[in-house]
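Chemist: Encoded as structure tokens, here's the structure I'll be asking about.
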Amino acid sequence: MIIEAKDIRKSFNKLEVLKGVDFSARQGEVVAIMGASGAGKSTLLQILGTLLTPDSGSLVIDGSNVLDMDARELAAFRNRRIGFVFQAHHLLPEFTAVENVMIPSLIGGASSAQAKARAQELLALVGLEARLAHKPSELSGGEQQRVAIARALANRPAILFADEPTGNLDSHTKEEIHQLFFDLRKQLGQTVVIVTHDAGLAQLCDRSCYMVDGSFEG
């Protein structure tokens, strides 16, 4: 398994949000996590992505026990092995598409030339080779999300986590972005874990897990 979480529990004050959740994913698998608002989906995704620490449980990602890492080790691991795509693209408005995609590589220690070459390669992969020098304000919503996906892949992560990645897009653009995740799996062997309310996207995935009140059904 590329990711294996066992008995994950998380409370905020007296509210128990996750109640002993188990989750795993294989290399190259595309998994959807579904459920009503407040079911705990995004909290689980943040824990799986090492952005949030559970109260208890175990979490192994790409062979590493991430809960044993200190803050510095965890930040370095996250930069190298985990990619994130959110509903809001979080692109830096003053930077071009290629500059936005370069950022994780530069943080990871790559040279400017290496980071730029990788960014150009990824932007071509997501169909934006003609938009390298465009700033976010010059791109459509779908194009901005493609840049965000390319940025998330900059350091060849073991897992790509996506939280409602097409929630702000029109139906045609949404379908294009959905297909992109499966193209990435085909071309890169990318493991993808997606939190979504979109039943159409969930049906395309290899597997769907449904959360109810902090636990998975079944």
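The values are calculated or read from the model by the stated rules, or taken from the named source; none is laboratory data. On a predicted model such as this, the values are computed, not experimentally measured, just so you know. Glycine gets a Cβ as well: all are built from the backbone with ideal geometry, and neighbour counts include every protein chain shown. Protein only, heavy atoms only, side chains kept; ligands, DNA and RNA dropped before computing areas. Shrake-Rupley method; radii C 1.70, N 1.55, O 1.52, S 1.80 Å.
Chemist: Just one of [x] 17.7, 62; [y] 17.0, 51; [z] 17.2, 56 is Rg and Dmax of the Cα atoms in Å as worked out from the coordinates here. Which one is it?
Modeler: The value computed from this structure is option [y].
Chemist: Follow-up question, since we're still on this one. Averaged per residue, what accessible surface does the range 4-119 expose to a 1.4 Å probe, in Å²?
Modeler: The answer is 50 Å² per residue.
Chemist: Residue-wise, which Karplus ³J(HN,Hα) couplings in Hz belong to the range 196-209, taking 6.51 cos²θ - 1.76 cosθ + 1.60, θ = phi - 60°, and x for glycine or proline?
Modeler: 8, 9, 8, 5, x, 5, 4, 5, 6, 6, 5, 7, 10, 10
Chemist: Among the DSSP beta bridges whose two residues both lie in the chain, what percent are antiparallel, rounded to the nearest 5? Please list the in-between numbers first.
Modeler: Details: 17 of 36 bridges.
Close to 45 percent.
Chemist: Give, in nm to one decimal, the length gained when the segment between ASP206 and GLU4 is fully stretched (0.36 nm per residue of separation minus the Cα-Cα distance). Could the numbers behind the result be given before it?
Modeler: On the way: separation 202, 0.36 × 202 = 72.72 nm, distance 1.68 nm.
This chain segment gains 71.0 nm when fully extended.
Chemist: Find, among the GluC sites (Glu not before Pro) in the range 151-218, those assigned to loop by DSSP (not H, G, I, E, B) with at most 13 other beta-carbon atoms within 10 angstrom. Before the final figure, lay out the partial values.
Modeler: Working: sites: GLU175, GLU176, GLU217; in loops: GLU217.
Counting only loop positions with at most 13 other Cβ atoms within 10 Å, the GluC sites (Glu not before Pro) in the range 151-218 are GLU217.
Chemist: May I ask you to list the GluC sites (Glu not before Pro) in the range 78-133 that are in a DSSP loop and have at most 15 other Cβ atoms within 10 Å of their Cβ? All intermediate terms of the calculation are to be shown ahead of the outcome.
Modeler: Numbers: sites: GLU94, GLU99, GLU121, GLU129; in loops: GLU94, GLU129.
Taking the range 78-133 and a limit of 15 other Cβ atoms within 10 Å, the loop GluC sites (Glu not before Pro) found are GLU94, GLU129.
Chemist: List the residues, sorted by chain then number, that are 5 or more residues from PHE86 or on another chain and whose placed amide H is less than 5 Å from its amide H.
Modeler: Distant-sequence amide H within range of PHE86: ASP163.
Chemist: Taking a cut-off of 14 Å between Cα atoms, list the aspartates and glutamates near LYS6, but don't count ones fewer than 8 places away on the same chain.
Modeler: Candidates past the 8-residue exclusion: ASP22, ASP55.
Chemist: Same structure again: For the range 70-79, take each phi angle, set θ = phi - 60°, evaluate the Karplus expression 6.51 cos²θ - 1.76 cosθ + 1.60, and give the result in whole Hz per residue in order, putting x for glycine and proline.
Modeler: Once θ is set to phi - 60°, the couplings for the range 70-79 become 7, 4, 5, 4, 5, 4, 5, 4, 4, 5 Hz.
Chemist: Please work out how much length the chain gains when fully extended from SER37 to HIS172, using 0.36 nm per residue of separation minus the C-alpha to C-alpha distance, in nm with one decimal. Write out the running numbers ahead of the final one.
Modeler: Details: separation 135, 0.36 × 135 = 48.60 nm, distance 2.44 nm.
Stretched out fully, the SER37 to HIS172 stretch lengthens by 46.2 nm.
Chemist: Okay, moving on. Around THR191, which amide H atoms from residues at least 5 apart in sequence, or from another chain, sit under 5 Å from its own amide H, with H modelled in the peptide plane?
Modeler: Long-range HN contacts for THR191: GLY28, LEU160.
Chemist: Of all the accessible heavy-atom surface of the range 166-216, with the other protein chains kept in place and a 1.4 Å probe, what percent is carbon and sulfur? Before the final figure, lay out the partial values.
Modeler: Numbers: 1150 of 2520 Å².
Here carbon and sulfur together make up 46 percent of the probe-accessible area.
Chemist: Here is a further query. For the range 146-218, report the accessible area per residue in Å² (1.4 Å probe, heavy atoms, rounded to an integer). Numbers along the way, then the final one.
Modeler: Numbers: 3150 Å² over 73 residues.
Value for the range 146-218: 43 Å² per residue.
Chemist: Moving on to the next point. Just how many % of Cα pairs in the range 1-124 lie over 22 Å apart, if you round to the nearest whole percent? Don't skip to the answer; put the middle values down first.
Modeler: Working: 3544 of 7626 pairs.
For the range 1-124, the fraction of Cα-Cα distances above 22 Å is 46 percent.
Chemist: Next up: Go through the range 55-69 residue by residue and turn each phi into a ³J(HN,Hα) via Karplus (6.51, -1.76, 1.60, θ = phi - 60°); whole Hz please, and just put x for glycine and proline.
Modeler: Running phi through 6.51 cos²θ - 1.76 cosθ + 1.60 with θ = phi - 60° gives 6, 7, x, 10, 8, 10, 10, 6, x, 10, 7, 6, 6, 8, 7 Hz.
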